[in-house]
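For reference, the structure discussed in these notes is given below.
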Amino acid sequence: MNQRRPLQRRPLARRVLAVAVSAATVAVSLPAVSAAPAGCDPAVPDTCTLRELADRLGIRIGAAHGPDELAIPSNADTLAREFNSLTPDNAMKMYATQPTQGAWDWAVADETVEFAVAHGMEVRGHTLVWAQDTYTPQWVLDITDPAEMRAVLDEHITTTIARYKDRVHRWDVINEPLDYTNIDGGLSDNVFSRVLGPGWMAEVFAMAHAADPTAELWVNEWGTDYLPGRHDALVALVGSLRDAGVPVHGVGIQTHRFFGGPDGPDEGAFEQMLRDYTDLGVDVAITELDIPIDPADPDGLTRQADAYRRIVSACVRVERCREITTWGITDAFTWLDSFVVPVLGPLPTPTRPLLFDENGQPKPAYFAVRDVLAAASRPASLQTTTTAPDRAVVPAVAVATNPRFTG
Ligand code: G3I
């Protein structure tokens with residue numbers, strides 16, 4: 001999603017700390033974290049962390065984080081205690097790991113992976129390719145020769161997956177393949193589609209699959225949970241890729257609720273929306289959940305909690321809904337405070353969209369999510385969150401066949 005305003009600058013001390021942490025490429029100094037409470041009893045939710053409850057259900061409960069946040073001890077503590085999955089917000093993006101050709105920078109991404117391993121957590125690799133030119137490095141935007149583009153993509157994907165192959169088992173292979181400017185759907189126009197043609201996504205998935213045939217390979221998109229045209233377009237895209245034998249294993253529904261906020265979604269409609277993907281034979285996940293509130297709304301926190309409750313309730317009812325990740329940890333760090341919503345403009349700030357407040361304390365939304373997880377049950381076969389599932393080696397083909405996208 002295009003974010004046209006830069007994030008606000010962090011206080012100097014925090015930036016210095018972040019830089020110091022970023023510099024530790026080999027010997028990463030991991031923040032100490034406190035132990036989870038002993039003896040989680042779901043019948044008494046107060047005795048449980050989100051992580052304990054999610055482990056029991058076989059659901060990944062995750063948070064995205066930036067390097068500034070990981071460097072704050074209380075945030076590191078919250079992450080390790082409450083979540084079993086991490087998503088680096090920007091550190092694994094192409095513009096971060098390979099800003100110029102061959103100039104790899106793994107420092108911040110390594111921190112995430114080291115932290116996750118040290119605390120028995122999974123990592124969602126985000127993202128191998130972002131299908132929006134705004135976030136593609138200039139040196140890639142300059143490529144016009146298909147053979148060169150294939151070579152560059154293959155090297156980028158293979159190198160990234162190889163570095164983390166033993167520790168990262170699921171990847172957002174393509175982020176935001178839909179047209180950002182068209183709420184009715186359609187595919188994005190981007191340098192990869194322009195140079196390689198409509199089969200570019202199948203090619204990229206084939207590269208990722210070849211790099212790690214056991215990894216879960218995902219496509220990730222925004223706005224499909226409340227814009228029907230985008231939902232239909234994503235269902236059609238994933239269906240066409242699957243029909244063509246492309247190894248797509250999951251669909252990430254970002255679920256940034258900046259349209260509608262705590263007034264949405266309808267729980268049943270949200271559940272059906274998730275099932276539209278699982279009916280295609282893929283997993284589904286809520287990958288970037290945040291629900292902003294209006295600071296002028298006296299009931300904002302309560303309404304926000306109810307929206308979180310509806311979304312999480314829908315996910316736990318759908319067996320192949322495998323993950324609920326919030327796009328941030330505490331309200332002190334949220335991209336929404338500087339986001340300009342298309343057409344609407346900036347949101348009223350502070351948006352306070354997450355589970356923990358600006359001081360790191362759990363909010364009503366936290367307790368709503370916890371109580372849903374505590375009351376839920378799922379088949380025992382799902383009760384593992386730490387190993388990638390065995391995946392059949394699916395032959396990849398080069399071209400998606402749905403005429404909607406190839407005609
Ligand atoms: O690192 C520079 C810093 O040096 C500079 O001073 C500062 C001011 O311009 O910018 C910093 O870079 C910013 C970067 O975040 C790190 O903070 C970029 O401007 C800013 O565009 C970038 O925004 C990120 C955005 O993706 C683009 O990569 C957001 O933090 C991140 O939350 C957002 O995440 C995306 C998901 O990947 C995909 N789904 C939507 C989601 C929200 O837009």
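The values are calculated or read from the model by the stated rules, or taken from the named source; none is laboratory data. Because the structure is predicted, anything quoted here is derived from the model rather than measured. All Cβ positions, glycine included, derive from the backbone under ideal geometry; neighbour counts span all protein chains shown. When the accessible area is computed, the model is the full protein with side chains, heavy atoms only, and any ligands, DNA or RNA have been set aside. Shrake-Rupley method; radii C 1.70, N 1.55, O 1.52, S 1.80 Å.
Taking amide H positions as modeled 1.01 Å from N, with prolines and chain starts lacking one, the residues under 5 Å from Ser85 and 5 or more places away or on another chain are Ile61, Ala63, Glu122.
Couplings for the stretch 80-88, taken from phi via the Karplus curve 6.51 cos²θ - 1.76 cosθ + 1.60 with θ = phi - 60°, read 5, 7, 9, 10, 10, 8, 10, 10, x Hz in order; Gly and Pro are left as x. Heavy-atom accessible surface of the stretch 122-184, averaged per residue, reaches 37 Å², computed with a 1.4 Å probe. The spacing between the stretch 275-308 and the stretch 133-148, judged by their C-alpha centroids, is 34 Å. Packing here is the average count of other Cβ atoms within 10 Å per residue, and on that basis the peptides 153-164, 337-348, highest first, run 153-164, 337-348.
Backbone amide hydrogens, once placed in the peptide plane, bring Tyr226 within less than 5 Å of nothing, excluding anything fewer than 5 places away on its chain. At q = 0.11, 0.12 Å⁻¹, work out log10 I(q)/I(0) for the stretch 33-162 with the Debye formula, treating every Cα as an identical point scatterer and leaving solvent out; two decimals please. One equal scatterer on each Cα of the stretch 33-162 leads to -0.49, -0.56. The equivalent ellipsoid of the stretch 179-323 has semi-axes of 30, 17, 13 Å, largest first, where each one is the square root of 5 times an eigenvalue of the Cα gyration tensor. The P(r) of the stretch 279-375 has a tail past 21 Å containing 35 percent of all C-alpha pairs.
In the stretch 117-186, the inverse of the mean reciprocal separation of distinct Cα atoms equals 14.0 Å; this is its Kirkwood hydrodynamic radius.
Using the Cβ of Arg378 as centre and a radius below 15 Å, the other residues enclosed give a net charge of -1, where K and R count +1 and D and E count -1.
Report note on the peptides 299-308, 93-102: ranked by the mean count of other C-beta atoms within 10 Å, highest first, their order is 299-308, 93-102. Summed over the residues of the stretch 206-268 and divided among them, the accessible surface reaches 23 Å² per residue at a probe radius of 1.4 Å.
Charge dipole (Cα centre; +1 on Lys/Arg Cβ, -1 on Asp/Glu Cβ; no other charges) of the stretch 155-202 amounts to roughly 340 debye.
For Val284, the amide hydrogen comes within under 5 Å of the amide hydrogens of Val251, Cys321, Arg322, counting only partners 5 or more places away or on other chains and with H modelled in the peptide plane. Taking θ as phi - 60° and the Karplus parameters 6.51, -1.76 and 1.60, the scalar couplings of the stretch 282-289 work out to 10, 6, 9, 8, 9, 9, 8, 5 Hz in sequence order, x denoting glycine and proline.
Over every Cα atom in the stretch 199-275, the radius of gyration and the widest Cα-Cα span, Dmax, amount to 14.2, 43 Å. Volume per residue for the stretch 113-271 equals 138 cubic angstrom (convex hull of Cα atoms).
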